[in-house]
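Here the structure is laid out as structure tokens; the discussion comes afterwards.
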Ligand SMILES: [Ca+2]
Ligand SMILES: [Ca+2]
Ligand SMILES: [Ca+2]
Ligand SMILES: [Ca+2]
């Protein structure tokens with residue numbers, strides 16, 4: 001079911017922000033949008049995980065991996081696949097995630113493989129082969145092994161890629177440092193995030209994502225990522241052996257694994273006008289002790305403008321505790337700021353802020369093919385709210401600076417009427433009766449908190465008579 005909601009403007013921290021249009025879509029397990037005319041690349045399969053040992057960075061062992069990706073062209077036109085220095089080929093970022101204690105976190109990212117030469121396989125069905133490796137034929141598949149995707153010389157920085165248009169320089173990595181030994185440019189994961197002794201019950205998954213300009217131009221770039229579960233094996237030669245299990249979940253970004261593991265997770269699409277798509281996932285859990293855990297994850301599928309803030313409204317009287325944030329750090333010369341987003345619980349909202357583009361173009365924005373986590377505990381149950389996802393890069397004239405996102409946040413506390421001792425919303429004789437029945441006692445009817453129910457309390461009650 002798809003629901004389109006149009007909002008005018010919302011108020012955030014006293015500032016009116018034009019939100020334009022957004023689509024809040026309740027998805028049933030697929031981020032794909034179906035066949036649209038034109039080239040349409042997807043990840044048809046994730047096959048094989050290569051490992052490359054570990055390097056201690058800042059006192060922490062960081063392990064390096066690459067995943068094999070087989071792409072398919074499920075579109076109606078051949079997909080361009082010209083090798084560098086031509087830029088008409090896919091860029092293929094790779095990621096790893098962990099689901100643990102109800103939270104799906106991105107635990108690693110790699111640079112992107114620059115595609116060259118399409119083979120014409122049949123992983124996704126019948127193939128109408130291209131006569132040249134410069135195109136992936138209609139219905140055809142192309143395999144990149146994990147060792148090929150882990151070859152450092154073939155990996156490109158994410159910094160120069162526009163995921164909304166699929167455009168990047170034909171000659172990648174100009175001005176970038178050479179790849180650091182062993183772990184450079186590959187998917188980097190902290191050993192502690194994989195260690196079985198520290199991650200009992202965790203489920204792991206990897207994600208492959210293809211970005212290509214003809215696919216994007218056709219509007220077929222919402223289905224470009226797929227995920228697959230993997231298991232963590234023994235620690236040998238400095239890193240854990242990882243192995244894929246189960247089957248590839250085609251046309252599903254890794255955030256959809258959260259929903260696959262927990263059917264109470266909801267995921268909304270946020271389509272930024274003239275830009276790309278975010279997925280906003282949320283899950284509210286009743287802790288059973290008068291508090292609720294609010295868990296959010298935002299995945300940038302294809303927004304070049306990127307995210308810079310996230311704000312969930314909090315009504316007066318709601319107590320927020322334990323607000324947190326989790327990002328994933330760039331590496332190997334990608335000079336994006338790793339500083340965690342700040343957290344504010346004042347001003348009628350919980351707001352996470354990563355800084356503005358004006359302050360630094362390399363600030364810690366939520367860029368394409370990454371997912372950040374946001375969470376807090378509140379003493380109120382959930383209700384539908386409009387959160388706000390602030391955008392990092394400026395848009396064109398008329399483009400929104402933030403997107404409203406229809407999710408769940410804490411509800412307002414009930415209004416307490418002084419003197420309404422039986423809680424029926426009015427102060428009348430029934431309440432006076434309760435007060436008189438406890439005359440001289442303590443507790444019920446002690447409206448001024450003096451410790452005794454007496455005439456002063458009756459006066460308070462009468463002054464609030466409905
Ligand atoms: Ca596609
Ligand atoms: Ca960080
Ligand atoms: Ca009453
Ligand atoms: Ca009293």
State, as an integer percentage, the relative contact order of the chain based on alpha-carbon contacts under 8 Å between residues 6 or more apart. 15 percent
Would you mind putting 313-326, 355-368, 274-287, 248-261 in packing order, based on average other-beta-carbon counts within 10 Å, highest first? 248-261, 274-287, 355-368, 313-326
Per-residue ellipticity at 222 nm for the chain, helices alone: DSSP H runs ≥ 4 residues times -39500 (n - 2.57), over residue total, nearest 500 deg cm²/dmol? -2000 deg cm²/dmol
How are the Cα pair distances of region 311-430 distributed, in percent, across 10 Å bins from 0? 11, 33, 28, 15, 7, 5, 1, 0
Cα-only radius of gyration and Dmax that characterise the chain, units Å: 26.4, 96
Stokes-Einstein diffusion coefficient for region 31-262 at 4 °C in a medium of 1.567 mPa s, Rh from the Kirkwood formula over Cα pairs: what value in µm²/s? 73 µm²/s
Order these by the 10 Å Cβ neighbour count, fewest first: 72, 124. 124, 72
By the C-alpha gyration tensor axes a ≥ b ≥ c (rounded if a/c is under 1.5, else prolate when a/b exceeds b/c, else oblate), the shape of region 51-115 is oblate
Test of understanding: ordering 126, 332 by Cβ neighbours within 10 Å, fewest first, what list do you get? 126, 332
Rounded to whole Å, give me the distance from the Cα center of region 97-166 to that of region 291-338. 27 Å
What is the distance in Å between the Cα centroid of region 420-466 and that of region 186-209? 59 Å
Final fewest-first order of 241, 69, 56 on the 10 Å Cβ neighbour count is 56, 241, 69
Gain in span if fully extended, residue 442 to residue 131, counting 0.36 nm per residue against the direct Cα distance: 102.9 nm
Contact order relative to length of region 234-367, as percent, for alpha carbon pairs under 8 angstrom and 6 or more apart: 17 percent
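Laboratory data are not the source of any read-out in this text; all were calculated from the coordinates shown. Remember, it's a predicted structure, so these values are computed and weren't measured experimentally. So basically every Cβ, Gly included, is an ideal-geometry build from the backbone, and we count neighbours across all protein chains shown.
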